[in-house]
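Engineer: My structure is below; once you've seen it, I'll send some questions.
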Amino acid sequence: MRKVTILFLLLCNFAIAQTYTAPADEKVRAKLSQWGDKKFGLFMHWGIYSVPGIVESWSINSEDADWIPRDSTVNYDEYKKWYFNLNKQFNPVKFNPDQWAAYAKQAGMQYVVFTTKHHDGFAMFDTKQSDYKITAKEVPFSTNAKANITKEVFEAFRKKDFMIGAYFSKPDWHNENYWWPRYATPDRNNNYDIRLHPQRWRDFKDFTHKQLAELMTDYGNIDILWLDGGWVRPKATVNAEVLSWGAPIPAWDQDIDMPSIAKMARAKQPGLIMVDRTVHGEYENYQTPEQKVPEKPLDYPWETCMTMGEAWGYVPNDKYKTVNKLVHLLVDVVAKGGNFLLNVGPKPDGTFPDAVIDRLAGIGKWMDVNKEAIYASKPIAPYKQDNVCYTTTKDGSVYAIYLLEENASLPLKINLKGLPKTAKTINLLGVKEKLKWTQLNNNVTIHLSASTKKLQHALVFKIN
Ligand code: GLC
């Protein structure tokens, strides 16, 4: 009986974890489908944590986890003080968002998501709700003409036709109505019982709504509001995913009132896509597997967000994935119907690390030849079989994308098993001469010649 109950609970949790509610608003649906065609986006984590090059925000939270390193010779309060004071050192004098947008465009990216405020509460925009912001006097960069960083980033990418996404952390560890200085801050949650201090939480909600209203009003057209910090949610929505984070679940609701945020935001930004990460339901218009690619296509809109290195923010000597690996990830995600949001951390001086520039250029070289298999494509069975991924586009073309191992020499013969269609023509993108191929049922054998040698990372066969 007990086993049955456990199984039942697991299944329930699994069902909850899968829940997706399609938005009712036509404008949101339209934008969602436009976004779904973009396929490839740039994510950026940039803030005061980039100055010393440490994990974003998390080290001021006293949860004990190996991914949250902290100097153990300094006591916690001193450490927090030091961290929060990093705003006084933020001075990215080489900040050039047009250049960032150019790199991203060249890589074939078509939308951007930028950290307007991470959990540490430092606003990368000119909020009127707090002085803990990029434009405050004590921040050296505040005198720079481009001080309102979020505005500059959005404008630069908009000029290059990117869709614009605002990352915003619901929790704010700098706000005294979230982490009340009267008490210790043992974990990521707000540190007082909201049932006993309802006014304090109302003040926090008010602050959050006002900051979001600023972002939705003064920063031009915004397409996506990407809300992080999934533990800020009504208790009733806690699911298996939240439990898996291992953080305590408070006895009270950390309800930020998403319906009224959505109403305000969409009055200013009609059709706005809302991503209330992991909460599921009406305000999570697409889901966001983090640092992983699902095994199979998901039957709702989704986006894998993943770091190009190992960290979200800039850390010195990060280990970056190779161009080969990144191309394969993009292809794998797209073949399963998702979008790929690839994250980089700009340096404290405002430039991208050399390795980032190198990887973006490498992906761009591949995309120049092969993007027609990516943009606006849909998944088609068998999706991914061994090292071949499949996509299809509106005109009925099917693309078989053969993933080449890093530095492997080109095979002379390629077998495509279980082709979704009988082929009439097959072309290899990036190669002009005719291909030699034979077909038996749905299996095709392709013979490659020496002229394909210059192709790297993944060969794209267009099948009609
Ligand atoms: C993880 C990190 C968080 C980061 C987010 C991006 O949840 O903990 O800091 O912003 O990923 O998806």
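Engineer: Name the trypsin sites (Lys or Arg not before Pro) in the range 241-308 that are in a loop by DSSP and that have at most 13 other C-beta atoms within 10 Å, would you?
Structural biologist: Counting only loop positions with at most 13 other Cβ atoms within 10 Å, the trypsin sites (Lys or Arg not before Pro) in the range 241-308 are Lys292.
Engineer: What does the charge dipole of the chain about its Cα centre add up to, to the nearest 20 debye, if the Cβ of each Lys and Arg holds +1 and the Cβ of each Asp and Glu holds -1?
Structural biologist: Values: 59 positive and 52 negative charges, 342 e Å.
My answer is approximately 1640 debye.
Engineer: Another question about this same structure. How large is the Kirkwood hydrodynamic radius of the range 189-314, counting all unique pairs of alpha carbons, in Å?
Structural biologist: Working: mean 1/r = 0.0615 Å⁻¹.
Over the range 189-314, the inverse of the mean reciprocal pair distance is 16.3 Å.
Engineer: Given the DSSP H assignment, sum -39500 (n - 2.57) over each helix run of at least 4 residues in the chain and divide by its residue total; what's the result at 222 nm in deg cm²/dmol, nearest 500?
Structural biologist: Numbers: 10 runs with 127 residues, N = 464.
Result for the chain, helices only: -8500 deg cm²/dmol.
Engineer: Which residue, Tyr183, Tyr83, Ile224, has the largest displacement toward the positive end of the dipole of the range 2-373 when charges sit on each Cβ (Lys, Arg +1; Asp, Glu -1)?
Structural biologist: Ile224
Engineer: Per residue, what volume in Å³ does the Cα convex hull of the chain take up?
Structural biologist: Working: hull volume 78.2 nm³, N = 464.
So the per-residue hull volume is 168 Å³.
Engineer: Once each part is reduced to its C-alpha centroid, what is the distance from the range 119-192 to the range 238-274 in angstrom?
Structural biologist: If you average the Cα positions of each part, the centres end up 18 Å apart.
Engineer: Hey, another quick one. Counting chymotrypsin sites (Phe, Trp or Tyr not before Pro) as exposed when in a DSSP loop with at most 14 other beta carbons within 10 Å, what is the longest stretch of the chain free of them?
Structural biologist: Working: sites that count: Trp67, Tyr183, Trp245.
The longest such stretch corresponds to 246-464.
Engineer: Please list, by residue number, every one of the trypsin sites (Lys or Arg not before Pro) in the range 87-164 that is coil in DSSP and has at most 13 other beta-carbon atoms within 10 Å.
Structural biologist: Numbers: sites: Lys88, Lys94, Lys105, Lys117, Lys128, Lys133, Lys137, Lys146, Lys151, Arg158, Lys159, Lys160; in loops: Lys94, Lys128, Lys137, Lys146, Lys160.
Hits after loop and neighbour filter: Lys94, Lys128, Lys137.
Engineer: Averaged per residue, what accessible surface does the chain expose to a 1.4 Å probe, in Å²?
Structural biologist: Working: 20560 Å² over 464 residues.
Accessible area per residue, the chain: 44 Å².
Engineer: Sticking with this one: Explain nothing, just compute: Karplus ³J(HN,Hα) = 6.51 cos²θ - 1.76 cosθ + 1.60, θ = phi - 60°, for every residue of the range 225-233 in order, whole Hz, x for Gly and Pro.
Structural biologist: Per residue, the Karplus-derived 3J(HN,Hα) values read 10, 9, 9, 9, x, x, 6, 7, 6 Hz.
Engineer: Could I ask something else about it? Under the Karplus relation 6.51 cos²θ - 1.76 cosθ + 1.60, θ = phi - 60°, what is the ordered set of whole-Hz ³J(HN,Hα) values for the range 377-385, x standing for Gly and Pro?
Structural biologist: 7, 10, x, 9, 4, x, 6, 9, 10
Engineer: What do you reckon, how do Asp358, Asp332 stack up by accessible area (1.4 Å probe), largest on top? Each step should come with its number before you reach the end.
Structural biologist: Working: Asp358 85, Asp332 20 Å².
So the residues, ranked largest to smallest area, are Asp358, Asp332.
Engineer: Please report the antiparallel percentage of the DSSP beta bridges confined to the range 378-463, to the nearest 5. All intermediate terms of the calculation are to be shown ahead of the outcome.
Structural biologist: On the way: 27 of 27 bridges.
Within the range 378-463, antiparallel bridges account for around 100 percent of the total.
Engineer: When the Cα centres of the range 35-66 and the range 325-394 are compared, how far apart do they sit, in Å?
Structural biologist: Centre-to-centre distance over Cα atoms comes out at 20 Å.
Engineer: Using DSSP, restrict attention to beta bridges with both residues in the chain and report what percent are antiparallel, rounded to the nearest 5. Provide the component values of the computation, followed by the final result.
Structural biologist: Details: 29 of 61 bridges.
Of those bridges, close to 50 percent are antiparallel.
The values are calculated or read from the model by the stated rules, or taken from the named source; none is laboratory data. For clarity, every value in this text was computed on a predicted model and none was experimentally measured. Reconstructed Cβ throughout: ideal geometry from the backbone, glycine too, with neighbour counts over all protein chains shown. All accessible areas refer to the heavy atoms of the entire protein, side chains included, with ligands and DNA or RNA removed. Shrake-Rupley method; radii C 1.70, N 1.55, O 1.52, S 1.80 Å.
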